[in-house]
Ligand SMILES: Cc1ncc(COP(=O)(O)O)c(C=O)c1O
């Protein structure tokens, strides 16, 4: 059913037209004038009707889609996604009573991005173009298809200020695959390599490194990451060190430039390969990202590990390495030996998407959505004295530290009973004393789901603090 939209925009108002339009659409949905059976007009048609540019309508649709009020169904148009009866407002009397929707889990697991890219027209077009290309009968080159490596080299130059040659890029099946590849490369010159990791840090990386045969040692770090004076004080040195300097995972700080330079100097002096996990630097909300370690002047061996898991989706299982020098040659050789795990057709589609600017536009849209959800987190939780919000400068997750009166693990358990999946900060610590808190991923849920989940979590915390739940 096509929606009739009696919308009037106030051109004299200081409120931007896109924000006004988003507000009118939101009101119409909340009043029940716009309902789930309604398809919204195409952006070009509505723009013509309202006498505004198409960009105004696109921004308004994007804004309230991100809030969960609308869903895009590709060529079938954009529909209203909200059932008012699910949110406490009665449905209009004439409408037949809808069956209550099954209760869906709200997933706040960190690291999950929004599902938007797969509904993106440009993404579909990139795949159509890939499918139309002549079928190859041999597997793709081990280090990746030249078109994707070249597209990524340009993309990293524009988005990350990295001067990268396509020959410096190795396509991987994501960070876990990259770590296995790196351990294989390190093993080619010695026995089981020793790899230092951050504590707290990415549990999957610890697990994968160990499974690949590395001897993993967890080094305690603070919010801003590894401190070089701590590394200097250690008697032993590793073969490699895995770091998240742009956004310490999960605590959220960033390694200052001075510390980065000192780290590179330490790595060069001790012949340590630095593995820079640059997992979400595209999503900065407050400050500009600092230069990647891989872009700083140094003779240290630095391998930058990138992934499409946050910018697009972990469903793709695709990422890349930026490699140089002797470490780079060893990694490329190991890739030749292991063969590529990444399908040629996926690489082709990604190359089309990156080259056509689709990825950059998707990242810009996702950044706006995440910034909105981050603001929602601050709005809901920022004023409470019993909670401390952190890790909000960038990325897709935040940390909520709890005071001693409430155990985060009990909150996680109780939240699950209310169909909210959230994780405890404790699980990120290997050996260091764990902190009491929650890690909240805000990439995947809509604004409405996030708001609802935060209401549930805060109600649980309040009840536990008051001793109402044993
Ligand atoms: C710290 C960190 N690095 C990298 C990744 C991406 O891993 P992959 O590319 O294997 O999906 C994640 C995903 O959650 C992560 O949290």
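Every number here is computed from the coordinates shown, using simple stated rules; none is lab data. What you see is a predicted model; the values in this text were computed from it and never measured. Please note: Cβ atoms are built from the backbone with ideal geometry, for glycine as well, and neighbour counts cover all protein chains shown.
Couple of notes before you dig in:
- A Förster distance of 41 Å, applied to the separation of the beta-carbon atoms of residue 285 and residue 138, puts the FRET efficiency at 0.40.
- Of all DSSP beta bridges in the range 121-359, antiparallel share, percent nearest 5: 35 percent
- Across the range 323-337, the residues whose backbone nitrogen lies under 20 Å from the label position 7 Å along the beta-carbon direction of residue 299 are 323-330.
- P(r), alpha carbons of the range 408-466 - 10 Å bins starting at zero, rounded %: 23, 51, 24, 3
- Estimated distance in nm for a label pair at residue 128 and residue 75, the labels positioned 7 Å out from Cα along Cα-to-Cβ: 0.7 nm
- Of all DSSP-defined beta bridges confined to the chain, some 55% are antiparallel rather than parallel.
- Measuring r between the beta carbons of residue 107 and residue 333 and using R0 = 56 Å, the FRET efficiency lands at 0.90.
- Note on residue 270 and residue 27: the model spin-label points, each 7 Å out from Cα along the C-beta direction, lie 6.2 nm apart.
- Separation in nanometres of the label points that stand 7 Å from Cα toward Cβ, at residue 167 and residue 232: 3.8 nm
- MRE, 222 nm, helices only [DSSP H, n ≥ 4, -39500 (n - 2.57), over the chain, to nearest 500]: -12500 deg cm²/dmol
- Projected over all directions and averaged, the alpha-carbon convex hull of the range 240-336 occupies 6.8 nm².
- Taking the fewest neighbouring Cβ atoms within 10 Å as the starting point, the ordered list for 271, 285, 38 is 271, 285, 38.
- Residues 426, 27 arranged by fewest to most Cβ contacts within 10 Å: 27, 426
- Acute angle (nearest 10 degrees) that the helix 408-417 long axis makes with the longest principal axis of the chain, alpha-carbon atoms: 40 degrees
- Between the beta carbons of residue 42 and residue 360, assuming R0 = 41 Å, the FRET efficiency works out to 0.95 to the nearest 0.05.
- Cα gyration tensor shape of the chain, rounded if a/c is under 1.5, else prolate or oblate by comparing a/b with b/c: oblate
- Spatial offset of the range 432-470 relative to the range 348-402 amounts to 18 Å, using the alpha carbon center of each.
- For the range 121-359, the Kirkwood hydrodynamic radius from C-alpha pairs, put into Stokes-Einstein at 10 °C and a viscosity of 1.306 mPa s, yields a diffusion coefficient of 87 µm² per second.
- Evaluating kT/(6 pi eta Rh) at 25 °C and 0.890 mPa s, with the Kirkwood radius of the range 368-465 over Cα pairs in the Stokes-Einstein relation, gives 181 µm² s⁻¹.
- Cα-based shape type of the range 179-280, given that a ≥ b ≥ c are square roots of the gyration tensor eigenvalues and the cut on a/c is 1.5: oblate
- Order of 241, 363, 219 - criterion: other Cβ atoms within 10 Å of each residue's Cβ, fewest first: 363, 219, 241
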